[in-house]
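Below is one structure, written out as structure tokens; the observations come after it.
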Amino acid sequence: MPSKACGQQIKGIYVLADNTPAPKKSQIDIAREALAGGAKIIQVRAKNLAKPEFRELARSIASLCKENQALLIINDYVDVALEVGAAGVHLGKDDISIAEARRLAPDLIIGRSTHSLEEALEVAKQGVDYLAFGAIFPTTTKGRPTPIQGVDKLREVCSRVKKPVVAIGGIHRDNLPEIKKAGASAAAFISEVVCADSISDRVAKLINIWEKA
Ligand code: TZP
Ligand code: MG
């Protein structure tokens, strides 16, 4: 990884090592297998873990990412991202502000979730390095129902926001080409990857589809 990461590195297949839809799988194994399949961006997301356990998980996945020259993004916690040497942090509207995250961690990639065109346009002005936009398609993974945005909205966000856009929510092998054609820099996955019989084969397949789209 270059010494200073930047938002332009957020491109292609973005894997969330979140075992919500497959709780019997360990998040470390998910990350290890995704990296074996060629994943270059891994986010640690574990809404059910207390912070000390989350920190330990992040530390373990950080060393896997380092061995595989992959970018590590930490969900929610700027301090954990700094402690484990992650490339970035991913925030939601209920986390610390983008300005505060930037003050604490000027060298981290800062990503922010957005769930509407209006929110995406607003967040893009706040100095983020990338924004996530979704849910694009119906998904059962996220606890709180999120309004479905669809590919047309994604296309509009990508054309109006001058930042890398990571599409998320219900993305699978079959709809992945539409995501790239809409202008997204990256596509983020939970269930499509973590529920696969072979996570490494699934990631390799997604990379191949993305490259050809
Ligand atoms: N944010 C919007 S949709 C979503 C998140 C975290 C869940 C994505 O999971 P899946 O299984 O890839 O639809
Ligand atoms: Mg959050």
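Each Lys and Arg adds +1 at its Cβ and each Asp and Glu adds -1 at its Cβ; summed about the Cα centre, region 109-213 shows a dipole of about 180 debye. When the Cα positions of Ala184, Ser198, Asn19 are compared along the charge dipole of the chain, Ala184 comes out farthest toward the positive end, with charges on each C-beta of Lys, Arg, Asp and Glu.
Ranking Ile61, Val78, Ser116 by Cα position along the charge dipole of the chain, where only Lys, Arg, Asp and Glu carry charges on their C-beta atoms, puts Ser116 farthest toward the positive end.
Under a Cβ-only charge scheme (Lys and Arg +1, Asp and Glu -1), can you give me the dipole magnitude of the chain about the Cα centre, in debye to the nearest 20?
Details: 30 positive and 25 negative charges, 70 e Å.
That gives a dipole near 340 debye.
Under 5 Å between amide hydrogens, built in the peptide plane, is the criterion, and for Gln43 it picks out Val15, Leu16, Ala17, Ile73 among residues at least 5 positions away or on other chains.
Couplings 3J(HN,Hα) for region 7-20, derived from phi with the Karplus relation 6.51 cos²θ - 1.76 cosθ + 1.60 (θ = phi - 60°), are x, 5, 7, 7, 8, x, 8, 10, 9, 8, 7, 10, 8, 3 Hz, where x marks Gly and Pro.
At an R0 of 30 angstrom, the distance between the Cβ atoms of Leu117 and Glu83 translates into a FRET efficiency of 0.30. Between Ser159 and Arg103, the C-beta separation translates, for a Förster distance of 35 Å, into a calculated FRET efficiency of about 0.70. Shape class for the chain: rounded, because the ratio a/c of the largest to smallest gyration tensor axis (alpha-carbon atoms, square roots of eigenvalues) is under 1.5. Dipole of the chain computed with +1 at Lys/Arg Cβ and -1 at Asp/Glu Cβ about the Cα centre; of Thr146, Val128, Pro52, farthest Cα towards the positive end is Val128.
Shape of region 23-81 from its Cα gyration tensor (a ≥ b ≥ c, root eigenvalues): rounded if a/c is under 1.5, otherwise prolate when a/b > b/c, or oblate?
It comes out oblate by the Cα gyration axes.
Since every read-out is calculated from the coordinates, none of them should be taken as a lab result. Here the structure is a predicted model, which means the values were calculated and not measured. When we count neighbours, we look across all protein chains shown, and the Cβ atoms used for this are built from the backbone with ideal geometry, even at glycine.
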